[in-house]
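Participant: Below is one structure. I have some questions about it.
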Amino acid sequence: MVEPADLNPDPRVVEINLAAQLADVEIAPGKRVHAWTYNGSIPGPLIKTRVGDRLIVHFTNELKEPTTVHWHGVRVPIEMDGVPGISQPEVNQGESFTYDFVVRDAGLYWYHPHVRSAAQVGFGLSGALLVEDPDDGVGVADQVTIVLNDIGFDARGNLESADSGGSAGMVFGREGTYVLANGRTRPVLGARSGAPQRWRIVNTAKSRFFYLDLEGQSFTVIGSDGGLQEHPVTTDILLVTPGERFDVIVTPKGKAGAPLVLRAMLYNRGYGSVEYRSVEEVLSIAFTDQAPVTATAPVAVRRALAAPQVEGATPVNIELTLPPMQNGKSEFRVNGVPFWKAKPYIAKLGETQLWIVKNSSDWDHPFHLHGFFFQMIDEKGQPLRPLAWKDTVNIPMKTTARLLVSFDERPGEWMFHCHILDHADGGLMGTVLVGPVQPSTHV
């Protein structure tokens with residue numbers, strides 16, 4: 001992926017230019033799409049910083065409609081959160097806005113619009129922000145950032161309509177025909193058999209889930225949304241829902257001339273997500289002819305995280321529903337109302353809340369909270385292990401999740417929503433008003 005030029009000589013400041021613009025992009029030999037891009041590429045440029053750096057982004061909108069940039073997962077001041085009408089004005093065609101904040105937490109994050117989010121993300125607008133910690137102790141030299149998403153277009157390279165399928169398309173969550181890894185269909189990674197690689201993975205698709213299988217070879221998960229987790233966990237298949245990130249160690253094994261394929265397996269997130277669908281090839285690994293590495297040290301990365309205390313937390317009940325269609329239209333609701341009729345939830349500055357989120361619908365919902373991390377709690381009030389900081393978590397259909405969040409700083413009105421962006425546009429959004437501030441006028 002392309003990395004933007006750093007305009008600032010200060011080693012602790014990363015200053016870049018970022019433009020939303022139309023561009024012809026090749027995703028495979030002979031396959032080009034007239035896409036919406038950041039700086040002319042899909043995904044947008046990979047922004048690399050170190051934890052504690054100041055990031056300055058001079059953003060310009062060259063599109064014919066308003067847009068913004070939201071910094072997904074980053075603990076920014078409210079003025080930098082990129083939500084029009086709530087944290088900043090829309091950036092109209094020809095206008096600019098400067099995002100300026102300190103990246104406080106190591107991990108993989110990403111950026112995307114919060115204006116007509118499903119359409120603009122689906123048309124190509126997303127990119128990754130990597131915040132590195134040189135002292136994280138992982139010790140794997142071969143590191144790869146993988147941006148997973150999809151895009152849909154016709155034989156002439158024209159983008160699929162953002163409202164295809166009407167209300168039913170919104171309920172399903174529209175997926176693009178072409179599955180992309182770092183902007184290409186079925187790209188090839190090089191590897192030496194038996195040599196560990198560190199993969200930082202983000203799913204920036206507007207609806208598609210990636211249920212990853214590396215021909216049965218394992219993933220060792222060392223972190224997720226908010227950086228390293230308490231201790232590693234090994235799994236043979238890895239679910240990455242829209243908005244989520246994972247930090248994993250893989251040790252691919254094979255022979256030169258026999259590629260190892262990473263596939264997206266079928267996952268049931270609701271009606272139509274497995275019926276008449278096919279497994280997708282995401283990328284392949286081509287092995288060098290070097291002698292295989294036969295002995296590697298076990299992954300022993302650990303992070304000391306304090307176990308969350310549920311006692312004293314304020315319970316907040318949230319129910320996600322999809323009532324029967326009315327007047328030919330469907331809408332998702334949070335506690336009985338869609339976003340455009342909702343009032344903000346309230347949190348005092350410094351208050352810890354236990355959000356009990358019940359998904360009563362027949363669709364999975366990757367639930368995302370802006371501006372704050374949370375920890376997962378089980379039905380007995382105990383923290384889920386390994387401890388990890390999350391900002392996006394999948395809530396499967398007909399299940400309940402418990403999120404413990406401390407609104408410890410940064411007053412403002414913060415969004416929460418399903419990160420199937422069609423669901424969000426279809427009503428599955430809300431806000432929480434933190435501290436002594438006035439609510440927006442979206443209702």
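Participant: May I ask you to order 265-278, 47-60 by the average number of other C-beta atoms within 10 Å around their residues, highest value first?
Facilitator: Details: 265-278: 13.9, 47-60: 17.9.
Ranking, from highest mean packing down: 47-60, 265-278.
Participant: Here are some values of Cα extents along the principal axes in Å: (1) 74, 45, 41; (2) 63, 54, 53; (3) 67, 47, 46. Which one was computed from this structure?
Facilitator: Evaluating Cα extents along the principal axes in Å on these atoms matches (2).
Participant: Let me ask you something else. The stretch 402-428 to the stretch 301-322: how many Å between their Cα centroids?
Facilitator: Cα centroid to Cα centroid, the span is 14 Å.
Participant: Between the stretch 36-85 and the stretch 224-296, what is the separation of their alpha carbon centroids in Å?
Facilitator: The two parts, judged by their Cα centres, are 27 Å apart.
Participant: Within 10 Å, count the other beta carbons around each residue, average over each peptide in 159-168, 330-339, and list them highest first.
Facilitator: Packing proxy ranking, top to bottom: 330-339, 159-168.
Participant: Counting Lys +1, Arg +1, Asp -1, Glu -1, what net charge surrounds ASP53 among other residues with beta carbon under 13 Å of its beta carbon?
Facilitator: Once positives and negatives cancel, what remains is -2.
Participant: Under a plain spin-label model, where a point goes 7 Å from the Cα along Cα-to-Cβ, how far apart in nm are LYS348 and ASN17?
Facilitator: Label at LYS348, label at ASN17, 4.9 nm between them.
Participant: For the pair LYS329/SER218, report the inter-label distance in nm, with labels modelled 7 Å from Cα in the Cβ direction.
Facilitator: 5.2
Participant: Cβ under 11 Å from SER164's Cβ, SER164 left aside: what net charge do those residues give with Lys, Arg +1 and Asp, Glu -1? Mind showing how you got there, number by number?
Facilitator: Numbers: positive: ARG174; negative: GLU160, ASP163, GLU175, ASP422.
Counting the neighbours of SER164, the net charge comes to -3.
Participant: Could I ask something else about it? Within the stretch 186-205, which residues have the backbone N less than 11 Å from the label spot 7 Å out from ASP289 along Cα→beta-carbon, could you tell me?
Facilitator: No residue qualifies, since no backbone N sits under 11 Å from the label point.
Participant: Could you give the length gained by full extension between MET265 and GLN143, i.e. 0.36 nm per residue of separation minus their alpha carbon distance, to one decimal place?
Facilitator: Length difference between fully extended and current span is 41.5 nm.
Participant: Applying a 10 Å radius around every beta-carbon, put 12-22, 298-308 in order of their mean neighbour count, most first.
Facilitator: Descending mean neighbour count gives 12-22, 298-308.
Participant: Would you look at the GNM of the chain, springs on alpha carbons closer than 10 Å, and say which of PHE372, PHE219, PHE287 moves the most?
Facilitator: Fluctuation is largest for PHE287.
Participant: Could you tell me the extents of the stretch 249-325's C-alpha atoms along the three principal axes, largest first, rounded to whole Å?
Facilitator: 57, 45, 11 Å, listed from the longest principal axis down.
Participant: If we count every other residue with Cβ under 14 angstrom of VAL33's Cβ, Lys/Arg +1 and Asp/Glu -1, where does the sum land?
Facilitator: With Lys, Arg at +1 and Asp, Glu at -1, the net is -1.
Participant: Name the shape class, rounded, prolate or oblate, that the alpha-carbon gyration tensor gives for the stretch 314-434, where a ≥ b ≥ c are the square roots of its eigenvalues, rounded holds for a/c under 1.5, and otherwise prolate holds if a/b is larger than b/c and oblate otherwise.
Facilitator: Verdict is oblate for the stretch 314-434.
Participant: Please list, short to long, the whole-number percent of alpha-carbon pairs of the stretch 143-287 in consecutive 10 angstrom bins beginning at zero.
Facilitator: 11, 39, 33, 14, 3
Participant: Once you have the Cα-Cα distance between GLN382 and VAL233, take 0.36 nm times their residue separation minus that, and quote the gain in nm to one decimal.
Facilitator: That works out to 51.8 nm of additional length.
Participant: Given the options ASP150, ASP378, ASP425, state which has the largest fluctuation in a GNM of the chain using a 10 Å cut-off (strictly under) for Cα springs.
Facilitator: ASP378
Participant: Of THR68, THR204, THR98, which is the most mobile in a GNM of the chain whose springs link Cα atoms less than 10 angstrom apart?
Facilitator: THR98
Participant: At 7 Å along the Cα-to-beta-carbon direction for both GLU26 and THR177, put a label point, then send me their distance in nm to one decimal.
Facilitator: For the pair GLU26/THR177, the computed spacing is 2.0 nm.
Each value in this text was obtained by applying a stated rule to the coordinates, not by laboratory testing. What you are looking at is a predicted structure, and each value in this text was computed from that prediction instead of being measured. Cβ: placed from backbone, ideal geometry, glycine included. Neighbour counts: every protein chain shown.
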